[in-house]
Every structure is written in C-alpha cells, then in structure tokens.
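The values are calculated or read from the model by the stated rules, or taken from the named source; none is laboratory data. Since this is a predicted model, take the numbers as computed values, not measurements. Cβ atoms come from the backbone with ideal geometry, glycine included; neighbour counts cover every protein chain shown.
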Amino acid sequence: MLIHHIQEAIGNTPLLELPITTPNHVHIYAKLEMFNPGGSIKDRLGESLLADGIRRGLITKHTTIIEPTAGNTGIGVALAAQSRQLPVILVVPEKFSAEKQTLMQALGAKLVNTPSAEGIQGAIAKAKALAADIPDSYVPMQFTNPANPGTYFHTLGPEISHDLREPIAAFVAGAGSGGTFAGVAAYLKSQDPRTQVIVVEPEGSILNGGPAHAHRTEGIGVEFTPPFFEHLQIDDTLTISDNAAFAQVRALAQQAGLLIGSSSGAAVAASLQVATRLPAGSNLVTIFPDSSERYLSEAIYQA
C-alpha cells in the first residue's frame, strides 16, 4: 500500500482472534490498535479532534492547540497538529510513562507537567488556565467533546463489524475518557441490540463505586463518570486488579507473541470473565489500545 501522508495509515487495523484457551470455547477477537502510526488507538482521535475544530472555525493556521492528556491522546493530537504545522501544548500528570512524554516531544509538542496527586483533574484545570492566558488557543477537551465518541462510532465500530461479519455476543473494553467505549458500544448496539457491552476499569477507578486511588494500569480508569455514558446502555462494569492485568500482559507475550499494554491486559482478564457466562462458541470483541513498548520503564513485564 503506497501512501503519501502518515495520516493515511490511521485505522483499518488488524482484528486478531486470540490464540488462547477460553471458557465455553468463546472466540475472543482483539482489535490491534498499536498498528496505527503513532502507536495507539488515539491517533484516530487526534486527527478527528483537529479536523472537527477546523470545520467549526475554532482552529486557524495560527491557533495553539492545548490538551490535557494521560499520553496517547497527546501523541495523537501532536501527530495531527504536526501535519497542519500547528503549535501544541500538552498538559500531562507527572506519573504517566516517560516513553509517552518523550514521543509527544519528539513530534514537536511542548509539555507541561502537573502533580501526580492532582490526577487528570489537575491537568484539565491547568489546560484551561493556559488557554485563558494564550491568545488564539483551543482546547479540544477529549473528556467532553462529542467528537470523541463520534470518532469511534464512525471508524472503529464499522471496522469491527466489517472485519468479523458474524454476530457479536459481547463487546468488552476499557474506559479512560470513555469515548472509545461509548462510540463503539453505541455502534454495535445499533447493529444488534442483543450485543452486551461491558466496560472495564482498574481498581482505583470509580465506575463501580469503589474509592479512587492510584493504580499501575495506565490508559484506563476514571476520576469522574464520562459524560458520554449518560445515555448509553451499559450491561456491566468489571473492575480488574493491577495484578490480573499485568499477569495477562506477561502471558500474552509468552504464549501468543503479543506485546500489549496494561489496559489491554485488563481487557483480556475481563473478557475471560465475560466468556464464562456466554453461550458456547460465541464471539466476543475487545480492543488492545497500544503496545507494551511505551511502558517498559514501568517494569511492565516484572511480576
């Protein structure tokens, strides 16, 4: 495939049936989003957020893009901004992986770190403060922007349906901003209301009512319920421990040659739980948002 711009390589990632033993012989398929050019599912979002801002007249050729991010969205936004020659400031809590922050800077973004203890709420507050001080700036704000779930409703959801072309009994995926889960879940439900949609969170996230606290699993977990969930019919929420998530990270590397991040490990652990209650031979789809390479400094393969 010949392309002329790196953005042309975004999307149409492989859908892999996991070569693992599953309860009830359920077929578990994973969308391998690490094959996007920036290495994650958020390449789709970065391109969509900027295209949406331009279309709405909120971004001009002189606009500074400012975004609070845990990492992958920042890389996606920086990639999209680079192609448009727009300056970017990314506000990132200190705790997130050094590899992600290095990649953001490699793409030309300026980084502003906020204290880890303030979490993503602190990054959001800082981004808004910067935008108030910088003329002609724009904060796409992935956490509330309808273009976030819209991105995945119009791209990832249809890709999954096209790739599999069989009934999907369950869709299982993690939530950070919640846009990916909400967009894909809404699309799959629109195609078949019988499809169960199950959201995955780490311990320390608040969707299941547990107390908020730090966790090793990166990329998923929320400090507030995503507004995209307000009108979404969610069938279940599964809370996965860091130990269970990282055990799957190690197992899939050793058994299937899959180098996945911890949010993907949590998705596998949750998928195996869901498989126990599905009819024999059902199809279950999950998402691997990125790879392990951007977490190696976090000792992702150490027990």
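Here are a few things to note about the model shown:
- Some residue of the range 256-272 being touching a Phe, Trp or Tyr at 6+ places or on another chain (Cβ under 8 Å), closer than 24 Å to ILE160 by Cβ and surrounded by fewer than 21 Cβ atoms within 10 Å (Cβ to Cβ): no
- Every test in (1) buried (at least 22 other Cβ atoms within 10 Å of the Cβ); (2) in contact (Cβ under 8 Å) with a residue 60 or more places away in the chain; (3) over 17 Å from the mean Cα position of the chain (by Cα) is passed by LEU164 save one, and that test is (1).
- Taking the listed residues ALA51, ALA78, ALA30, the one that is among the small types (Gly, Ala, Ser), under 28 Å from GLN255 (Cα atoms) and either assigned to a helix (DSSP H, G or I) or touching a strand residue (DSSP E or B) at 6+ places or on another chain (Cβ under 7 Å) (or both) is ALA30, with no other qualifying.
- Residues that are within 25 Å of GLN121 (Cα to Cα) and charged (D, E, K, R) within the range 167-203 comprise GLU201, GLU203, listed in sequence order.
- So SER291, is it closer than 23 Å to LEU156 by Cα, surrounded by fewer than 24 Cβ atoms within 10 Å (Cβ to Cβ), at pLDDT 95 or above and among the hydroxyl-bearing types (Ser, Thr, Tyr): yes
Residue-by-condition table, conditions (1) of a type in the set (A, V, I, L, M); (2) touching a residue at least 40 places away in the same chain (Cβ under 8 Å):
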| site | (1), (2) |
| --- | --- |
| HIS4 | no, no |
| GLU8 | no, no |
| THR13 | no, yes |
| SER48 | no, yes |
| LEU58 | yes, yes |
| ALA70 | yes, yes |
| THR73 | no, yes |
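- Among the candidates ALA175, ALA185, residue that is buried (at least 20 other Cβ atoms within 10 Å of the Cβ) and under 12 Å from the mean Cα position of the chain (by Cα): ALA175
- Qualifying residue in the range 35-54 (condition: over 17 Å from THR155 (Cα atoms), small (Gly, Ala, Ser) and either modelled with pLDDT under 95 or exposed (fewer than 14 other Cβ atoms within 10 Å of the Cβ) (or both)): no
- Subset of the range 15-46 [hydroxyl-bearing (Ser, Thr, Tyr) and either without any contact (Cβ under 8 Å) to a residue 12 or more places away in the chain or closer than 18 Å to PRO140 by Cα (or both)]: THR21
- Positions within the range 1-26 being aliphatic (A, V, I, L, M) and in contact with a strand residue (DSSP E or B) (Cβ under 8 Å, 6 or more places away or on another chain), in sequence order: LEU15, LEU16, LEU18, ILE20, VAL26
- Taking the conditions (1) within 25 Å of ALA212 (Cβ to Cβ); (2) part of a helix (DSSP H, G or I); (3) touching a residue at least 40 places away in the same chain (Cβ under 8 Å) in turn, GLU118 satisfies each one other than (3).
- Condition met for LYS100 (at pLDDT below 95, over 15 Å from the mean Cα position of the chain (by Cα) and not in a strand (DSSP E or B)): no
Residue-wise test of (1) closer than 23 Å to LEU18 by Cα; (2) touching a helix residue (DSSP H, G or I) at 6+ places or on another chain (Cβ under 8 Å).
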{"site": "ALA129", "(1), (2)": "no, no"}
{"site": "PHE143", "(1), (2)": "no, yes"}
{"site": "GLY174", "(1), (2)": "yes, yes"}
{"site": "ALA186", "(1), (2)": "no, yes"}
